[in-house]
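The values are calculated or read from the model by the stated rules, or taken from the named source; none is laboratory data. From a predicted model like this one, the values you see are computed outputs, not experimental measurements. As a convention, Cβ positions derive from the backbone with ideal geometry for all residues, glycine included, and neighbour counts pool all protein chains shown.
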Amino acid sequence: MDPAGHESRFALYKARVANIETLDSDGEAALAIAWKKGNRRAGDRLIESNLKHVIAIAREYRRWGVPLDDLVQQGNIGLLKAAERFDPSQKTSLRTYAAYWIRAEIRDYVVRGYRIVRLGTTRTERRAMRAFRSTAIDTVEELAEHSGMPLARCQMLWPLLKSSDRSLDHTTRAGAAPPREHLRAETPSPEEVLCAREEEEGRQKLVGGALDTLSDRERRIVRARMMTEEPATLEQLGKRIGVSRERVRQLETRAKDKIRDALVA
């Protein structure tokens, strides 16, 4: 395949994707619902509107030495998987939901087919690699002499030539996480987002129910003492509600006991 022609086609693809209009949340939800009902064109439009997002994520993995168009192709597979699972009722955009699936496909591709550090990308590096493999070179100085590569560059290349490829699934001890586990996305997965949301909603419901067991005065004390960035002192609260400092302390203790009992129940 002609490399220049390949790059030209990918450039045309990026230009076309850049001109695709991004959907708002209502339009995205409508298309997702229509697609699930069998409207294939709605699904195509939904996916196309997020293709530029795949390119943006793929650029984050250029440092692994993989051609950008390959990364984009794999990321598009992740986008398709995400779109098939996408539920617009969760009030999460497809762009946010798909980020996990896009990164997962790209990372798996990197792990399967590419070495983290790419060697032989220049003529002098290839010459140095041939010299290292075909002669009994034991030092950096000998590598520089046989390859004609500057000594400073040989010193950088030497550890890579001396080492061998190792699978990103390889572990050095039992129970240890493989290196691929460190290729994590910076954003939480959709599952993590949903779990966190459900936990937060559950906590708010429990706290709200516990507060309902308090009297108005007890609730006022709890909010002023426990639910603000700058808690009021017992003396300040006593002056506000017209009781002594000690009485505020007693009311606060009783309120805490009620809340504890309600949460346990």
Count of residues meeting criterion [assigned to a helix (DSSP H, G or I) and either of a type in the set (S, T, N, Q) or modelled with pLDDT of 85 or more (or both)] in region 89-110: 15
Candidates SER49, SER25 - the one that is closer than 19 Å to ASP87 by Cβ, exposed (fewer than 14 other Cβ atoms within 10 Å of the Cβ) and under 23 Å from the mean Cα position of the chain (by Cα): SER25
Residue among GLU246, GLU252, GLU218, GLU199 that alone is closer than 26 Å to VAL264 by Cα, loosely packed, with under 12 Cβ neighbours inside 10 Å and acidic (Asp, Glu): GLU199
Subset of region 28-46 [farther than 14 Å from ASP87 by Cβ and within 26 Å of the chain's Cα centre (by Cα)]: GLY43, ASP44, ARG45
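So that you can scan it fast, the table gives a plain yes or no per residue for (1) part of a helix (DSSP H, G or I); (2) modelled with pLDDT under 70; (3) within 29 Å of ASP70 (Cβ to Cβ):
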position	(1), (2), (3)
ARG112	yes, yes, yes
GLU125	yes, no, yes
ALA131	yes, no, no
GLU142	yes, no, no
ARG153	yes, no, yes
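Somewhere in region 60-72, is a residue over 24 Å from GLU198 (Cβ atoms), assigned to a helix (DSSP H, G or I), without any contact (Cβ under 8 Å) to a residue 12 or more places away in the chain and not assigned by TED's automatic domain parsing to the domain that holds ARG197? Step through it out loud before you land on a result.
Kept after step one, since they are over 24 Å from GLU198 (Cβ atoms), are these residues of region 60-72: 60-72.
Filter once more, keeping what is assigned to a helix (DSSP H, G or I): 62-64, 68-72.
Now narrow it down to the ones that are without any contact (Cβ under 8 Å) to a residue 12 or more places away in the chain: 62-63.
Narrowing further to those that are not assigned by TED's automatic domain parsing to the domain that holds ARG197: 62-63.
Checked against the condition, which is being over 24 Å from GLU198 (Cβ atoms), assigned to a helix (DSSP H, G or I), without any contact (Cβ under 8 Å) to a residue 12 or more places away in the chain and not assigned by TED's automatic domain parsing to the domain that holds ARG197, region 60-72 yields at least one hit.
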Residue in region 73-88 that is at pLDDT 85 or above, in contact with a helix residue (DSSP H, G or I) (Cβ under 7 Å, 6 or more places away or on another chain), crowded, with 20+ Cβ neighbours inside 10 Å and assigned to a loop (DSSP other than H, G, I, E, B) present: yes
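Can you tell me which residues in region 8-49 are in a loop (DSSP other than H, G, I, E, B) and more than 17 Å from LYS91 (Cβ to Cβ)?
In the first step, residues of region 8-49 are kept if they are in a loop (DSSP other than H, G, I, E, B); the result is 19-24, 37-39, 49.
ASN19, ILE20, GLU21, THR22, LYS37, GLY38, ASN39, SER49, listed by residue number.
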